[in-house]
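In what follows, a single structure is set out as structure tokens and then discussed.
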Amino acid sequence: MSAIGVAVIGAFGRMGRTVCEAVDAAEDLELVARVGEEDDVEALASTGARVGVDFTVPAVTEANVHALLDAGLHAVVGTTGWTEESLGRVREHLEQVNAHRSEPLGVVVAPNFALSAVLAMHFAAQAARYFTSAEVIEMHHPDKVDAPSGTALATARHIAAARQEAGLGPVPDATETQVDGARGAVVDGVHVHAVRLRGLVAHEEILLGNPGEQLTIRTDSFQRDSFMPGVLLAVRQVLGRPGLTIGLEHLLDL
Ligand SMILES: NC(=O)C1=CN([C@@H]2O[C@H](COP(=O)(O)OP(=O)(O)OC[C@H]3O[C@@H](n4cnc5c(N)ncnc54)[C@H](OP(=O)(O)O)[C@@H]3O)[C@@H](O)[C@H]2O)C=CC1
Ligand SMILES: O=C(O)C1=N[C@H](C(=O)O)C[C@H](O)C1
């Protein structure tokens, strides 16, 4: 069987370089294009690429996905910054292109491809209904451009949905803050704190509290290699997953 052609967009960034190495090392994948800021994504149609992997910046990732679909490529996206609205536009675009194709296209968008992070989010959502209090602390390298992290946003939203489903009210908090921002950002009622520290890569703690007890769920990515098994899994599976998939958990039977 011939190797799956892969194009990496954002190929010269921290994640892009690591993805290029991982694709190069995989026998069933072939790295056919490294796309930088000056390159044209639609030109990928003539490279033999079947899947485009995007690790760029929040400001350009949606446009890259639309260009990949116009070029007839599946997409795997790790870049953060997605909203309900931007995801909705991709869903609509997929419906339009897939109406005219015999091999329908798929897009996988995941805020985190590391197994430990995906499991941490999953366990946090499972545990959330049993705890009165919940807060999220994400900790990253100081070159990260966005805050809070896409993973922390997703974690907080999953916790909030689980709390709502369980009929829990707002988290208890009688604090009167002296300085704006002291209690972090509030995402669907869940407080999220962002730390930026030289030496870190990507880390998150989910704190769940009840009277007299605490559950802490923690995930650490010490190296960007940790994201690669998830990225490669998505590249292989996206060919058989038409439409939009949000989150690696759907590829892991969670
Ligand atoms: N889902 C996951 O598991 C993970 C997601 N991420 C996310 O991935 C994204 C990238 O992170 P990271 O690699 O650390 O960031 P970097 O800043 O190291 O890399 C981003 C790269 O994208 C390039 N770029 C910018 N605009 C374009 C464009 N229009 N076309 C092609 N390339 C472009 C930049 O080029 P230049 O520098 O020349 O501007 C840069 O090389 C972030 O959103 C981050 O949060 C990170 C780790 C894991
Ligand atoms: O920018 C990063 O480094 C990371 N970004 C993603 C996020 O915002 O959640 C995933 C991981 O945390 C690393």
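Here are some notes:
- Against the chain, whose longest principal axis is taken from its Cα atoms, helix 115-128 shows a tilt of about 40°.
- Distance between the 7 Å Cα→Cβ label points at His141 and Leu215: 3.2 nm.
- The relative contact order of the stretch 47-112, computed from alpha carbon pairs under 8 Å that lie at least 6 residues apart in sequence, is 35 percent.
- Relative contact order of the chain, pairs being alpha-carbon contacts under 8 Å that are 6 or more residues apart, as %: 21
- Over all directions, the projected convex hull of the C-alpha atoms in the stretch 59-111 averages 3.3 nm² in area.
- Simple rule: put +1 on each Lys or Arg Cβ and -1 on each Asp or Glu Cβ in the chain, find the dipole, and look at Ala152, Leu208, Phe222; the Cα lying farthest toward the positive end is Leu208.
- Two-site FRET efficiency, Asp24 against Ala59, from Cβ-Cβ distance with R₀ of 41 Å, rounded to 0.05: 0.90
- Overall form of the stretch 1-121 per C-alpha gyration tensor (a/c, 1.5; a/b vs b/c): rounded
- Size of the stretch 31-189 from its Cα atoms: along the principal axes, largest to smallest, the extents are 59, 34, 27 Å.
- Spacing of the modelled spin labels on Ala3 and Glu38, each 7 Å from Cα toward Cβ, amounts to 2.6 nm.
- For the listed peptides 198-208, 158-168, 93-103, a ranking on the average number of other beta carbons within 10 Å per residue, highest first, reads 198-208, 158-168, 93-103.
- Net charge, Leu208 excluded, C-beta distance under 15 Å - Lys, Arg +1, Asp, Glu -1: -2
- Taking Cβ atoms as reference points and 14 Å as the exclusive limit, the residues near Thr245 contribute a net charge of +1, counting Lys and Arg as +1 and Asp and Glu as -1.
- For the chain, the mean residue ellipticity at 222 nm estimated from helices alone is -10000 deg cm²/dmol, where every DSSP H run of n ≥ 4 contributes -39500 (n - 2.57) and the total is divided by all residues, rounded to the nearest 500.
- Relative contact order computed over the stretch 166-225 (Cα-Cα under 8 Å; 6+ residues apart), in percent: 21
- Tensor-based shape of the stretch 197-254 (alpha-carbon gyration tensor, a/c under 1.5 rounded, otherwise prolate or oblate): oblate
- Selection among Ala124, Phe113, Phe55 by position relative to the dipole of the chain gives Ala124 as farthest towards the positive end (Cβ unit charges, Cα centre).
Rule-based calculations on the coordinates, nothing more; no lab input. This one's a predicted model, so the numbers in the text were calculated from it and none came from an experiment. So basically every Cβ, Gly included, is an ideal-geometry build from the backbone, and we count neighbours across all protein chains shown.
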